[in-house]
Amino acid sequence: MDLLELFKYGFIQHAVLAALLMSVACGITGTYIVSRRMVFISGGITHASFGGVGIGYFLGFPPLAGAAVVAVLAALTTENLTRRKVLRNDSIIAILWSLGMAIGIIFVYLTPGYAPNLMSFLFGSIITVTSTDLWLMLALALTVSAVFILFYKPILYVAFDEQFARIRGIPVMFINYLLIILVALTIVLSIRTAGIILVLSVLTIPQNITNLFTNRFSHIMIGSVVLGFFASLLGLILSYYLDIPSGATIIFTLVLLYLVARLIKVVIFGR
Amino acid sequence: MNAPLVSIKNVDFAYQKQLVLSDVSLSIFERDFIGIIGPNGGGKTTLVKAILGLLKPQKGSVEHSLEKSEIGYLPQGNQVDENFPITVKEVIASGLEHGLKIEFRKTKGRQRKVEMALERVGMDALRSRPIGELSGGEFQRTMLARAIISSPKLLVLDEPDTHVDNQFETELYSLLKELNEQMTILLISHDIGIISPYIKTIACVNRDLHYHTSNEISEEQLKVYNCPIEIITHGTVPHRVIKEHIHR
Ligand SMILES: Nc1ncnc2c1ncn2[C@@H]1O[C@H](COP(=O)(O)OP(=O)(O)O)[C@@H](O)[C@H]1O
Ligand SMILES: [Mg+2]
């Protein structure tokens, strides 16, 4: 079957749209995450959200909604406890990370019968996204874009030097909390497509590829959106023809692209 | 005499239990140029952060007769990530930001100020460079431009002379001396010998603060002030901090 015919399938069209929306949200928030060295925090939020998936299964509401609530709570807790220096930041993250996973496992176990789609929450399933998923992802992508367009400068300044931003009268706490909530929501909606185990790479690899060639925040953001989408499409097509899981193939594609980019950089720029 | 710009009264500050500042008082007046010296961990950075309102003292008071936005600040090097993806121009422009404003157009006035600041610190050619690709001196120039772009009434500099070469050091201090004609300056430095000709008074900070109303200080006085710093003698006279200095 040729490529054009492939894109006539409804589920493939959905997958392509999902890839686009995920790339927009992850390209933008991922740049913030990578620049501020918040990758580990993001890992904590991602894994903690599994607790919400489990609770969702058990109580019979959409697991993704449960994940969203728990992810936002985990994000706010991490930010708050870190600010108040209650515990070391990395310890807080580790505790929430494993606590969320533990809650998820217990509730999935307690849920009678087999938990359907459990694997798709762990590893993502871009080819089964529904139109509801797509609407949610569209809303997120638009929100993230709007926030970063409206507040680009304050976000950049707070991320670079929080204390200086405070002296300049920028509402640092508002920006910090707003952004950590956006990070949590981005993660949750990407879980649908990339899965809990794999989502971190969508938030970091495109940024690091772009960062090889540019050191400007805005360029990394735009480059990551484009690269993320390209890699997702490529991964999607490969996974279809090779008949292997889509999420994992997309990650593999991203890592391959990173290696190719490094090679290109060495060949062209000599370092 | 005019009312002080900043008046610090009997301030105690502790991060955890141990006091980092104990019963510190200091009044900062217009046109002051105070050199803050003291050993590593003596509390210099903590003191200026209390002045900037970034830290709240547990005891005592810090009162300002100026707005926060009228303060320019160059933080100690370890405060920011030197590999953060941001350009020289963006860093400098951030010194003009005020509150949470939504603007898309670049105003002429803003751009002109950025141009002037770039020129003032000699960074016009490197305006589009990401800060990760700057030398230590170029980085500090950028941070200085960010601090002075808003023409602050009070300029606070926390070790602007770390990781910079001698040439920039000299340029920096003569620029500060020039700026001192319009603004009050608070300068933390680890090298009293170098800054001595430029500053007007000295504050020795080592948990407590001793104010010294001259720009010269001897090792004996430092001992009395409980301020054990290593003196780098730039003159030939032993035990004297400075040899040649500018009389006012
Ligand atoms: N954020 C912090 N949390 C806990 N202790 C701190 C913090 N910042 C500084 N300290 C401690 O406070 C003391 C004074 O530090 P600082 O004001 O940075 O000194 P200086 O600038 O004179 O080198 C040091 O003992 C330092 O370890
Ligand atoms: Mg210090």
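Just the residues that are more than 17 Å from the chain's Cα centre (by Cα), of a type in the set (Asp, Glu) and at pLDDT 85 or above, please, taken from the range B:180-224.
Answer for the range B:180-224, where residues must be more than 17 Å from the chain's Cα centre (by Cα), of a type in the set (Asp, Glu) and at pLDDT 85 or above: just B:Asp208.
Determine if the range B:31-40 includes at least one residue that is within 12 Å of ligand 1 (Cβ to nearest atom), surrounded by fewer than 20 Cβ atoms within 10 Å (Cβ to Cβ), within 24 Å of B:Gln76 (Cβ to Cβ) and away from chain A (no Cβ under 14 Å).
Keep residues of the range B:31-40 that are within 12 Å of ligand 1 (Cβ to nearest atom), which gives B:36-40.
Applying the additional criterion that residues be surrounded by fewer than 20 Cβ atoms within 10 Å (Cβ to Cβ) yields B:39-40.
Subset that is within 24 Å of B:Gln76 (Cβ to Cβ): B:39-40.
Next cut, away from chain A (no Cβ under 14 Å) only: B:39-40.
Scanning the range B:31-40 turns up at least one residue that is within 12 Å of ligand 1 (Cβ to nearest atom), surrounded by fewer than 20 Cβ atoms within 10 Å (Cβ to Cβ), within 24 Å of B:Gln76 (Cβ to Cβ) and away from chain A (no Cβ under 14 Å).
Taking the condition of being over 15 Å from B:Val48 (Cβ atoms) and more than 16 Å from ligand 2 (Cβ to nearest atom), how many residues in the range B:135-163 meet it?
So the count comes out to 15.
Looking only at the range B:182-216, filter to residues that are of a type in the set (Val, Ile, Thr) and over 23 Å from B:Leu66 (Cα atoms); which one of those is nearest to ligand 1 (Cβ to nearest atom)?
In the first step, residues of the range B:182-216 are kept if they are of a type in the set (Val, Ile, Thr); the result is B:184-185, B:188, B:192, B:194-195, B:199, B:201-202, B:205, B:213.
This time we only want the ones that are over 23 Å from B:Leu66 (Cα atoms), so: B:192, B:194-195, B:205, B:213.
Numbers: B:Ile192: 13, B:Ile194: 17, B:Ile195: 15, B:Val205: 6, B:Thr213: 21 Å.
Checked the range B:182-216; the qualifying residue nearest to ligand 1 (Cβ to nearest atom) is B:Val205.
Report the residue count in the range B:32-80 for those that are in contact with a helix residue (DSSP H, G or I) (Cβ under 8 Å, 6 or more places away or on another chain), within 16 Å of ligand 2 (Cβ to nearest atom) and of a type in the set (A, V, I, L, M).
Residues in the range B:32-80 being in contact with a helix residue (DSSP H, G or I) (Cβ under 8 Å, 6 or more places away or on another chain), within 16 Å of ligand 2 (Cβ to nearest atom) and of a type in the set (A, V, I, L, M): 7 in total.
Output the residues belonging to the range A:215-260 that are closer than 15 Å to A:Thr204 by Cα and acidic (Asp, Glu).
none
Among the listed residues A:Val53, A:Val70, which satisfies the condition of being in contact (Cβ under 8 Å) with a residue 40 or more places away in the chain and either in a helix (DSSP H, G or I) or surrounded by 18 or more Cβ atoms within 10 Å (Cβ to Cβ) (or both)? So that I can check it myself, show each step before the final result.
Numbers: A:Val70 fails: in contact (Cβ under 8 Å) with a residue 40 or more places away in the chain.
Only one candidate qualifies: A:Val53.
Just for helices (runs of 4 or more DSSP H) wholly inside the range B:112-227: which have at least 1 residues that are among the charged types (D, E, K, R)?
Details: elements: B:136-148, B:166-179, B:192-195, B:219-224.
Filter on the range B:112-227 gives B:136-148, B:166-179, B:219-224.
What is the residue count in the range A:42-66 for residues that are at pLDDT 95 or above, out of contact with any Gly (no Cβ under 8 Å at 6 or more places or on another chain) and not small (Gly, Ala, Ser)?
2
Give the range B:21-37 a look and list any residue that's under 12 Å from B:Leu209 (Cβ atoms) and more than 14 Å from the chain's Cα centre (by Cα), or say none.
Result: B:Leu21, B:Ser22, B:Asp23, B:Val24, B:Ser25, B:Leu26, B:Ser27.
Which one is nearest to B:Ile188 (Cα to Cα), of the residues in the range B:51-79 that are away from ligand 1 (no atom under 15 Å from the Cβ) and assigned to a loop (DSSP other than H, G, I, E, B)?
Once the filter is applied, the top-ranked residue is B:Gly53.
For the range B:57-92, enumerate the residues that are crowded, with 16+ Cβ neighbours inside 10 Å and over 20 Å from B:Ile148 (Cα atoms).
Those that are crowded, with 16+ Cβ neighbours inside 10 Å and over 20 Å from B:Ile148 (Cα atoms): B:Pro57, B:Gly60, B:Val62, B:Asp81, B:Phe84, B:Pro85.
Can you tell me which of (1) of a type outside the set (A, V, I, L, M, F, W, C); (2) surrounded by fewer than 21 Cβ atoms within 10 Å (Cβ to Cβ); (3) more than 16 Å from ligand 2 (Cβ to nearest atom); (4) part of a helix (DSSP H, G or I) is the one B:Asn10 doesn't meet?
(4)
In the set A:Thr78, A:Thr128, A:Thr111, which member is farther than 21 Å from A:Gly43 by Cα and under 22 Å from the mean Cα position of the chain (by Cα)? Break it down stepwise before answering.
Values: A:Thr78 fails: farther than 21 Å from A:Gly43 by Cα; A:Thr111 fails: under 22 Å from the mean Cα position of the chain (by Cα).
After applying the criteria, what remains is A:Thr128.
Of the conditions (1) on the phi < 0 side of the Ramachandran plot; (2) under 18 Å from the mean Cα position of the chain (by Cα); (3) within 16 Å of ligand 2 (Cβ to nearest atom); (4) away from chain A (no Cβ under 14 Å), B:Ala117 clears all except one; give me its number.
Among (1) on the phi < 0 side of the Ramachandran plot; (2) under 18 Å from the mean Cα position of the chain (by Cα); (3) within 16 Å of ligand 2 (Cβ to nearest atom); (4) away from chain A (no Cβ under 14 Å), the lone unmet condition for B:Ala117 is (3).
Of the residues A:Leu118, A:Leu136, A:Leu178, only one is out of contact with any Cys (no Cβ under 9 Å at 6 or more places or on another chain) and within 14 Å of chain B (Cβ to nearest Cβ); which?
Numbers: A:Leu118 fails: within 14 Å of chain B (Cβ to nearest Cβ); A:Leu136 fails: within 14 Å of chain B (Cβ to nearest Cβ).
Exactly one of A:Leu118, A:Leu136, A:Leu178 is out of contact with any Cys (no Cβ under 9 Å at 6 or more places or on another chain) and within 14 Å of chain B (Cβ to nearest Cβ), namely A:Leu178.
Could you say which residue among B:Val6, B:Val48 is within 14 Å of chain A (Cβ to nearest Cβ), at pLDDT 95 or above, away from ligand 1 (no atom under 16 Å from the Cβ) and under 30 Å from B:Leu118 (Cα atoms)?
Numbers: B:Val48 fails: away from ligand 1 (no atom under 16 Å from the Cβ).
Selected residue: B:Val6, the only one of B:Val6, B:Val48 that is within 14 Å of chain A (Cβ to nearest Cβ), at pLDDT 95 or above, away from ligand 1 (no atom under 16 Å from the Cβ) and under 30 Å from B:Leu118 (Cα atoms).
Here is a list: B:Glu63, B:Glu133. Which entry is within 11 Å of another protein chain (Cβ to nearest Cβ) and of a type in the set (Asp, Glu)?
Numbers: B:Glu63 fails: within 11 Å of another protein chain (Cβ to nearest Cβ).
Being within 11 Å of another protein chain (Cβ to nearest Cβ) and of a type in the set (Asp, Glu) holds for just one of B:Glu63, B:Glu133, which is B:Glu133.
Quick one: in the range B:81-95, which of the residues that are in a helix (DSSP H, G or I) and in contact with a helix residue (DSSP H, G or I) (Cβ under 6 Å, 6 or more places away or on another chain) is farthest from A:Ala165 (Cα to Cα)?
Of the residues in the range B:81-95, the ones in a helix (DSSP H, G or I) are B:88-95.
Subset that is in contact with a helix residue (DSSP H, G or I) (Cβ under 6 Å, 6 or more places away or on another chain): B:88, B:91-95.
Details: B:Val88: 16, B:Val91: 11, B:Ile92: 12, B:Ala93: 12, B:Ser94: 8, B:Gly95: 9 Å.
If we take residues in the range B:81-95 being in a helix (DSSP H, G or I) and in contact with a helix residue (DSSP H, G or I) (Cβ under 6 Å, 6 or more places away or on another chain), then B:Val88 is farthest from A:Ala165 (Cα to Cα).
The values are calculated or read from the model by the stated rules, or taken from the named source; none is laboratory data. The model shown is predicted, which means the values in this text are computed figures rather than measured ones. Here Cβ is always computed from backbone atoms with ideal geometry, including for glycine, and neighbour counts include all displayed protein chains.
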